[in-house]
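Beneath this line is the structure, given in structure tokens, with notes to follow.
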Amino acid sequence: MSTQTTHLALRRFGFAFAGDGSHAACLAAGADGGWYVESWRLPDDGPAVPTGLPFAQGLRAQVVALPDGRVLVCRPAGEGHAVVLLAAGEPEEVPLADVRLPALRMLALPGVAVSGAGPVAVLVGTDARP
């Protein structure tokens, strides 16, 4: 009798790196079939260290890793998009903005200071007008 073990393929996408290269984030498929934010600290002298962000997200969410380890998320919500902030060790996300545009793209700004003072990302949106 032979036994066969089936493994689910690990799926990750939407990788984003902090402006200073110290952290990374993406969406990863969970064992339950859902999508979750996954993030890592990227030290200069060793392997990546997971930071632990067990926040479920939809497949269309966009992430931006910040230099202090937090993750900015932009996801569809109702007639627009919600922008929220996730932090390891925090039980809930922090809502930052609701943007009423049907199409929105979030891009990290390069070279953001570790202090996080000032802008960290830019949102580019379109509406239904020709």
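The values are calculated or read from the model by the stated rules, or taken from the named source; none is laboratory data. This structure is a prediction, so every number in the text was calculated from the model and none was measured. In this analysis, Cβ positions are derived from the backbone assuming ideal geometry, glycine residues included, and neighbour counts consider all displayed protein chains. In case anyone asks, the SASA skips ligands and DNA or RNA and just uses the protein heavy atoms, side chains included. Shrake-Rupley method; radii C 1.70, N 1.55, O 1.52, S 1.80 Å.
For residue 112, all conditions in the list (1) modelled with pLDDT of 85 or more; (2) open to solvent by less than 20 Å² (accessible area, probe 1.4 Å); (3) not aromatic (Phe, Trp, Tyr) hold save one; what is the number of the exception?
That leaves (1) as the condition not met.
When you scan segment 64-72, do you find a residue that is in contact with a strand residue (DSSP E or B) (Cβ under 7 Å, 6 or more places away or on another chain), of a type in the set (A, V, I, L, M, F, W, C) and without any contact (Cβ under 8 Å) to a residue 40 or more places away in the chain, even just one?
no
Being surrounded by 19 or more Cβ atoms within 10 Å (Cβ to Cβ), farther than 19 Å from residue 10 by Cβ and without any contact (Cβ under 8 Å) to a residue 40 or more places away in the chain is true for just one of 84, 120. Which residue is that?
Just one listed residue meets the conditions, 84.
Grab the strands (runs of 3 or more DSSP E) fully contained in segment 13-73, keeping just those with 3 or more residues being in contact with an Asp or Glu (Cβ under 8 Å, 6 or more places away or on another chain).
In segment 13-73, 23-29 are the strands (runs of 3 or more DSSP E) which contain 3 or more residues that are in contact with an Asp or Glu (Cβ under 8 Å, 6 or more places away or on another chain).
Given the conditions (1) touching a Pro at 6+ places or on another chain (Cβ under 6 Å); (2) surrounded by fewer than 17 Cβ atoms within 10 Å (Cβ to Cβ); (3) not hydroxyl-bearing (Ser, Thr, Tyr), which single one is not true for residue 52?
It is condition (1) that residue 52 fails.
Output the residue which, of all residues in segment 76-93 that are farther than 17 Å from residue 39 by Cα and modelled with pLDDT of 90 or more, is nearest to the chain's Cα centre (by Cα). Lay out the reasoning, then the answer.
Just the residues of segment 76-93 that are farther than 17 Å from residue 39 by Cα, to begin with: 76-83.
Checking which are modelled with pLDDT of 90 or more leaves us with 76-77, 80-83.
Details: 76: 13, 77: 16, 80: 18, 81: 14, 82: 13, 83: 11 Å.
This residue is 83.
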